[in-house]
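Right, one structure below, let's go through it.
The values are calculated or read from the model by the stated rules, or taken from the named source; none is laboratory data. The structure presented is a predicted model; accordingly, all values stated were derived computationally and were not measured. Cβ sites come from the backbone with ideal geometry, for glycine too, and all protein chains shown count toward neighbours.
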Amino acid sequence: MAEDFLSQEEIDALLGEEGKEENKEVPKESIAPFDFNSIEHIKKGGLPGLEFILTKWIKSFREEIRKKIQSIDMTSITDVYTTKFNDFMLKIPLPASYSIFSMKPLKDNSLLVLDSRLVYTAISVIFGGPPKPFKVEGKEFTKLETKIVKQFVTEILTTFEVAWEDVYPLKMELKSIELNPNLARIVSPTEKVIIVQVSIDFGGYEAPFFFCFPQNMFLPIKDLIYSEIPQLGKDLAWEKDLEYKIVQLKVKLWLELCKESYKIKDILNWDIGTDLRFEVSTQDLLKVYVEDKPKFLAKLGKKKGKYAIKIKKLYEKGENNG
């Protein structure tokens, strides 16, 4: 039995070793510094130019998607923020659709992510079911579901391209649709990306999808993306309103019969009843002014006992009465 017990020397040796291990200091080089960049910085409202373009896009997309799925009540942008690419990808429940697309002439690729809740809800309402997704158990999309995904993606990118036309024309090109998130890495895991979360309301049930843009992708047009008021090429609503206001303006229209030169000494001799004779013929082309600018050449005549003019042509600078 004595052989089964440890000697005092062996016990002291074991305790000594344990004490050393417990009191062992952690080497300084093994202490990792805190990475403040790992914190997610949400910048809602921090991209006013991009948000303006997205607002134009969402209106167009809402109208087009309702033509195909009438049970959609509302489509809206719920959030715009920046985060790390890997943090974003980990938040997407599987299965999901990852569509990689380019925005030429911008260099980097972007990502359009359709959440499985959106795909299954859309399929349910398309085939007459309730606006709720059926149970998902991590299965991959079927051929039918993949076809629905592609139709959604095409509609989103088509309307998104139109929204950019009057701002900074970009060509949307779908590169591929991936179901494996590992094949949809458009940037490194730690790189910052801009996320746009969009929600579609199917009769009271909301399902999301996401745009994911590399933050550095917009550097060539950063003045547009980060500006309060984007420099738009055209605003059709503004142009229409301006046109309406212009055509309602009242302007002065007058006819120049002739021009004569007189000496001051002659003008001083004028009095009431002085006759001034002008050589004006009905064949002469007379200048017609709009405000202080000559715009037309016309001939003088009469119609129904009243003096009238008939416009013959537009006035060209330097043209004299003939």
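Restricting F296, F211, F218 to those that are surrounded by 10 or more Cβ atoms within 10 Å (Cβ to Cβ), at pLDDT 85 or above and assigned to a helix (DSSP H, G or I) reduces the list to F218. Within the option set I100, I123, I77, being assigned by TED's automatic domain parsing to the domain that holds L174, touching a Ser or Thr at 6+ places or on another chain (Cβ under 9 Å) and crowded, with 18+ Cβ neighbours inside 10 Å holds for one residue only, I100. Exactly one residue out of K67, K56 is touching a residue at least 60 places away in the same chain (Cβ under 8 Å) and in a helix (DSSP H, G or I), and it is K56. For the stretch 175-208, a residue qualifies if it is in contact with a Phe, Trp or Tyr (Cβ under 8 Å, 6 or more places away or on another chain), within 23 Å of L50 (Cα to Cα), of a type outside the set (S, T, N, Q) and part of a strand (DSSP E or B), and the qualifying residues are K175, K192, V193, I194, I195, V196, V198, I200. Against the conditions (1) at pLDDT below 80; (2) part of a strand (DSSP E or B), D241 satisfies every one except (2). Take the conditions within 21 Å of L174 (Cα to Cα), in contact with a helix residue (DSSP H, G or I) (Cβ under 9 Å, 6 or more places away or on another chain) and assigned to a helix (DSSP H, G or I) and apply them to V113. Does it pass? Against the criterion (within 21 Å of L174 (Cα to Cα), in contact with a helix residue (DSSP H, G or I) (Cβ under 9 Å, 6 or more places away or on another chain) and assigned to a helix (DSSP H, G or I)), V113 does not qualify. For the stretch 256-272, indicate whether the set of residues that are out of contact with any Cys (no Cβ under 6 Å at 6 or more places or on another chain), within 30 Å of P189 (Cα to Cα), in a strand (DSSP E or B) and modelled with pLDDT of 80 or more is non-empty. No, the conditions are met nowhere in the stretch 256-272. With respect to D108, determine if the residue is assigned by TED's automatic domain parsing to the domain that holds K59, touching a helix residue (DSSP H, G or I) at 6+ places or on another chain (Cβ under 6 Å) and either hydrophobic (A, V, I, L, M, F, W, C) or touching a residue at least 60 places away in the same chain (Cβ under 8 Å) (or both). Spelling it out, D108 is indeed assigned by TED's automatic domain parsing to the domain that holds K59, touching a helix residue (DSSP H, G or I) at 6+ places or on another chain (Cβ under 6 Å) and either hydrophobic (A, V, I, L, M, F, W, C) or touching a residue at least 60 places away in the same chain (Cβ under 8 Å) (or both). Contact map, the stretch 238-254: residues that are within 30 Å of L286 (Cβ to Cβ) paired with residues that are at pLDDT 80 or above and part of a loop (DSSP other than H, G, I, E, B), Cβ distance under 8 Å, separation 6+ or inter-chain. Pairs shown: V251/E291; K252/E291.
Would you say E161 is over 26 Å from K192 (Cα atoms), surrounded by 15 or more Cβ atoms within 10 Å (Cβ to Cβ), assigned by TED's automatic domain parsing to the domain that holds F218 and not β-branched (V, I, T)? For E161, the condition - over 26 Å from K192 (Cα atoms), surrounded by 15 or more Cβ atoms within 10 Å (Cβ to Cβ), assigned by TED's automatic domain parsing to the domain that holds F218 and not β-branched (V, I, T) - is not met.
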